[in-house]
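All remarks here apply to the structure that follows.
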Amino acid sequence: MITGKVKQYIEKEQLFAPHEKLLVALSGGADSVALLRVLLQLGYSCEAAHCNFHLRGAESDRDENFVRQLCLRLQVPLHVTHFDTTQVAAQRHISIEMAARELRYEWFEQTRLACGADLIAVAHHGDDSVETFLLNLIRGTGINGLRGIRARNGRIVRPLLCLSRTDITDYLHGIGQDYATDSTNLHDEYTRNKIRLNILPLLQQINPSVKESILQTARHLDDTYYIYKKGIDEGRQRVYDGSQISIPLLLQEPSPATLLFELLAPLGFNHAQIDDIFASLTGQSGKVFIAPEWKVVKDREYLLIENRQHTARPPQLQTEEQDYYPGFPIPRDKNTACFDAGKIQHPLDLRLWRQGDTFVPFGMKGKKKVSDYLTDRKFSLVQKEQQWVLCCGNNIIWLVGERTDNRYRVDEHTRKILIVKLLTR
């Protein structure tokens, strides 16, 4: 009995309690209709949510009408929304499939909160998990991508993972329940459909039980993942401080390439990029690797990791001018700079340093390139990029937070002193 099998699965996975209210994602297809009917048969309190993405013309409206009639007959409260999915995909610069997914789950969560549901139930089943396993295997993935579909992910629960697609259609036929058919599922232009319609039937010719074999492998990898994750987490703590990866420590790890993959893949770096980064570890400094939101810079002994969305904000400076007298207590910390106010002949300007910039470091007589100074101070490439300078006309008077220019120092002729304090860094 299908309902008994689902009931056992819910209890085994501890998906939800009998008193909890569920928001059921109801597309009108066989899977979601079966999910709603099974949960109602088991006595759960349910409301339904339907998204019309307007991607299949009259079929989209047909599905909405079917869902409305079904919920009316079953006396299930229904929430419906409409999306211009194509426009959103263009605005977000993502595929239509990805846009539909993002819109769907964003709205489901909003609706869950509005109707007071505890969880969102979606109708993924065992065949979906098999297809996801193969899809990730084809695209390339770490061990996490081969674990199949999770029974629970936050507020999302999947009570039908214990069933096959055939189990679901047999159940619906047995209770005389019709459903809407998505014609796009019958075509193989999408990768998942190619797996479903072409690859899996071929694999079943080799092994008729291939679906169960894949699910068993996914379950085994799911258990293995927790051991693997523990090792990765321990390695992360040894080599990564949140902003940089120690190359010498990374290379001492049992599997440095795998650890590097697990550190960088979540940041959006692909396999090829991570292979290139790993190959650069023993090479020259200065190589930069770019992902959509992050970049990695190969420095001497570190891989420097920086969020590209973070723009360098100018530091806040506070200035004040005071009379100068012998014995004036001049601050000596690096966050405070003191100048002879009489030597400041132009408005002060704050900017990031540039290649070719020079200054006369305090206590010296000759000019020095800012780049050479920062290198001597062993600044990382990222730290160099974020170094600000305070200028008077064309001259740098202060490498902010580092060193002042000797030409603007306080001396025996000084009558007024300009004090500049760094408030934030």
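The values are calculated or read from the model by the stated rules, or taken from the named source; none is laboratory data. Since we're looking at a predicted model, the values are computed, not measured. Using ideal geometry, Cβ is built from the backbone for each residue, glycine included, and neighbour counts are taken over all protein chains shown. All accessible areas refer to the heavy atoms of the entire protein, side chains included, with ligands and DNA or RNA removed. Shrake-Rupley method; radii C 1.70, N 1.55, O 1.52, S 1.80 Å.
Annotations
- Filtered by the rule that a residue be surrounded by fewer than 18 Cβ atoms within 10 Å (Cβ to Cβ) and closer than 14 Å to residue 178 by Cα, segment 58-71 gives 62, 65, 68, 69.
- When residue 342 is tested against (1) without any contact (Cβ under 8 Å) to a residue 24 or more places away in the chain; (2) within 28 Å of residue 404 (Cβ to Cβ); (3) open to solvent by less than 60 Å² (accessible area, probe 1.4 Å); (4) of a type outside the set (Phe, Trp, Tyr), exactly one condition is not met: (1).
- Selection over segment 348-373 of residues that are free of Cβ contacts under 8 Å to residues at least 24 places away in the same chain and not in a strand (DSSP E or B) gives a count of 7.
- The single residue among 62, 56, 37 that is among the basic types (Lys, Arg) and under 19 Å from residue 156 (Cα atoms) turns out to be 37.
- Matching residues, segment 393-425, being out of contact with any helix residue (DSSP H, G or I) (no Cβ under 9 Å at 6 or more places or on another chain) and either without any contact (Cβ under 8 Å) to a residue 60 or more places away in the chain or at positive phi (or both): 393, 394, 401, 405, 406, 412
- From the options 74, 55, residue that is of a type in the set (A, V, I, L, M), open to solvent by 20 Å² or more (accessible area, probe 1.4 Å) and either in contact with a strand residue (DSSP E or B) (Cβ under 6 Å, 6 or more places away or on another chain) or under 23 Å from residue 110 (Cα atoms) (or both): 55
- Residues that are under 16 Å from residue 380 (Cβ atoms) and either modelled with pLDDT of 90 or more or among the hydroxyl-bearing types (Ser, Thr, Tyr) (or both), drawn from segment 278-293: 280, 281, 285, 289
- Taking every residue in segment 253-280 that is open to solvent by less than 20 Å² (accessible area, probe 1.4 Å) and pairing it with any residue that is charged (D, E, K, R), at least 6 positions away or on another chain, the pairs with Cβ-Cβ distances below 6 Å are 259/253; 280/287; 280/298.
- Test: residue in segment 105-127 that is at pLDDT below 95 and among the basic types (Lys, Arg): no
- Segment 167-193 - residue that is modelled with pLDDT of 90 or more and not in a loop (DSSP other than H, G, I, E, B) and, of those, nearest to residue 211 (Cα to Cα): 167
- Residue check: residue 149 meets all listed conditions (1) at pLDDT 95 or above; (2) open to solvent by 20 Å² or more (accessible area, probe 1.4 Å); (3) part of a loop (DSSP other than H, G, I, E, B) but one, namely (1).
This table checks each residue for (1) among the polar types (S, T, N, Q); (2) modelled with pLDDT of 95 or more; (3) out of contact with any helix residue (DSSP H, G or I) (no Cβ under 8 Å at 6 or more places or on another chain).
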residue	(1), (2), (3)
7	no, yes, yes
36	no, yes, no
40	no, yes, no
45	yes, yes, yes
48	no, yes, no
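- Condition check for residue 362: touching a strand residue (DSSP E or B) at 6+ places or on another chain (Cβ under 7 Å) and surrounded by fewer than 18 Cβ atoms within 10 Å (Cβ to Cβ): yes
- Residue count for segment 77-88 under the criterion of being crowded, with 19+ Cβ neighbours inside 10 Å and at pLDDT 95 or above: the result is 1.
- The set of residues from segment 115-144 being part of a helix (DSSP H, G or I) and free of Cβ contacts under 8 Å to residues at least 12 places away in the same chain comprises 136, 137, 139.
- A single entry from 293, 306, 301, 321 fulfils the requirement of being surrounded by 17 or more Cβ atoms within 10 Å (Cβ to Cβ) and either over 30 Å from residue 391 (Cα atoms) or among the charged types (D, E, K, R) (or both): 306.
- Members of segment 391-421 found to be touching a Leu at 6+ places or on another chain (Cβ under 6 Å) and open to solvent by 10 Å² or more (accessible area, probe 1.4 Å), listed by number: none
- Of the residues 75, 14, the single one that is within 19 Å of residue 152 (Cα to Cα) and among the polar types (S, T, N, Q) is 14.
- Search result, residues across segment 208-249 that are in a helix (DSSP H, G or I), open to solvent by less than 80 Å² (accessible area, probe 1.4 Å) and of a type in the set (A, V, I, L, M): 210, 214, 215, 218, 221, 232, 239, 247, 249
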